[in-house]
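The block underneath contains the structure these notes are about, expressed in C-alpha cells.
The values are calculated or read from the model by the stated rules, or taken from the named source; none is laboratory data. Keep in mind the model is a prediction, meaning the values are calculated, not measured. Cβ coordinates were reconstructed from backbone atoms using ideal geometry, including for glycine residues, and neighbour counts include every protein chain displayed. Ligands, DNA and RNA are stripped out before the accessible areas are found, and what is left, the full protein with its side chains, is counted by its heavy atoms. Shrake-Rupley method; radii C 1.70, N 1.55, O 1.52, S 1.80 Å.
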Amino acid sequence: METKVLKPTRENILYCAELLKNGDIVGMPTETVYGLAANAFDEEAVKKIFEAKKRPADNPLIVHIADLDMIKELAVNIPDTAIAVCEKFWPGPITIVLPKSDKIPSITSGGMNTVGIRFPLNKVARELIKSCGLPLAAPSANLSGSPSPTTAEHVFDDLNGSIPAILDDGNCTVGVESTVISFEDDIIRLLRPGKISVEDLKTVAPKVVIDKGVLEIISNDTKVSSPGMKYKHYSPKADVTLVSGSIEFFERYVSSRNSDDTYALIFDSDNISDNIKSIKYGDSGLQQAERIFAILRDVDKIGARNVYARCPSKDGVGLAVYNRMLRAAGFKVVKEGD
Ligand code: AMP
Ligand code: MG
C-alpha cells in the first residue's frame, strides 16, 4: 500500500475523513504527538491500529473527541472533578479515564471497563474528527516500543506501506504524550505525566496521587492502572543511561566511558569538553519535551551506541520528560555520590 503524506488542506482532511468512515486508519497530527486514528466504535478498524503498530492487545487506546457533548456517548458516571478538569484544560493535552459506555468495544479499551478520552487542541485533529463525525481512537503513530512520532516524517519512517495516509501539520508543539488521569471521589490519580502537570491538577482537586507506574518499573505480569506504563517504551537502539548530579560529575562519568559512538545529551546551558560528542536537548521542561523524541530517533540515525543523558528536573512538565527518559533508559540511572 502506498502511504500518502498530505498537507492539511480542507480537501485532504475530507479525504481522510472518508477513509476513517470507511474503516481505514490515518496518521493524524495532534499537539502532543502524531496519532494513528480509527473510528473508535469500529472493531475491525481499531484492529488495524493494533496490527500496524504491533501493539499488545491489552494496551488501551485514547479516544479523541471534538466537542464536549461527544463524551456522553463514550462514558458513564462522570464525576464532578472530571467535569472541572475538562472545563479547565480542554481542549488540550490531558486524557481522562472514565467508566466506559457499552458503545466502546473491548478492543478499543484494551479489555478494560474504562475508556481514556481526550479533546485535542490541534485544529487539524479537531477538523478531522468533526468532518467524520466520529470519536477517533488514536494511540501514538509509532511502531510499538519506539520513540513517539513528533513529525509526519517520523510516522512515515515507522508505518510506510501499512497505512493509506498521514496528515502533515509540521512539528508537534508539546512533544510528549498527554497527561493521563483517573478519579477516585475527588482525588485525581496521575497515570502518565504530560504537559498538564501535578501542580496544574492541584488547582482543581484537593489531592493528586502519583501512580506507582509513573516512576517505577512495572513487571509485565503485574495488573496496573495504566497498562502502557509496563511496556518497554520510547527506546532507541542505542543504550541510554540517565546521569543524575552536577555537570562536573556528568563530564567525569562520560569521559571515562567515552568512545567514537558515545553521545552526551546535555542541557543548552551546559558546557563540556569537546572530546565528548554532545546533543543539546533544552534547558526548560517545555523545550526538552518538544525535542526529546526527535532526538531519541536521531541518535540511532547517527549511529550512537551509548548515550548518556543529563537527568531532567521532575518539576512541572519535567516529570513527563523524566518519565519518558527513564523508559528510554530501561530505568538505568546513575547518581552522583552512589
Ligand atoms: P498512547 O496513545 O500510545 O500514548 O497510549 C495510550 C496510553 O494511555 C496507554 O498506554 C495507557 O497508559 C493510557 N490509557 C488509555 N486508556 C486508558 C484506560 N482506560 N485506563 C488507563 N490508562 C489508559
Ligand atoms: Mg504510545
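Quick notes on this structure:
- Approximate spin-label separation ASN171-ILE83, in nm, with each point projected 7 Å along Cα-to-Cβ: 4.0 nm
- The helix-only estimate of mean residue ellipticity at 222 nm for the chain, built from DSSP H runs of length n ≥ 4 each weighted as -39500 (n - 2.57), is -8000 deg cm²/dmol after division by the residue total.
- Principal-axis analysis of the Cα atoms of the chain puts helix 318-328 at an angle of about 80° to the longest axis.
- Those residues of segment 84-126 whose amide nitrogen sits under 17 Å from the label point placed on THR9, 7 Å along Cα→Cβ: 124
- Global form of segment 147-278, assessed from the alpha-carbon gyration tensor, a/c cut-off 1.5: oblate
- Against the main long axis of the alpha-carbon atoms of the chain, helix 43-53 sits at an angle near 10°.
- Overall Cα dimensions of the chain - principal axes, largest extent first, Å: 57, 49, 35
- On a per residue basis, segment 220-338 carries 47 Å² of accessible surface, using protein heavy atoms and a 1.4 Å probe.
- Surface composition of the chain: carbon plus sulfur atoms hold 48% of the accessible area, using a 1.4 angstrom probe and ignoring ligands, DNA and RNA.
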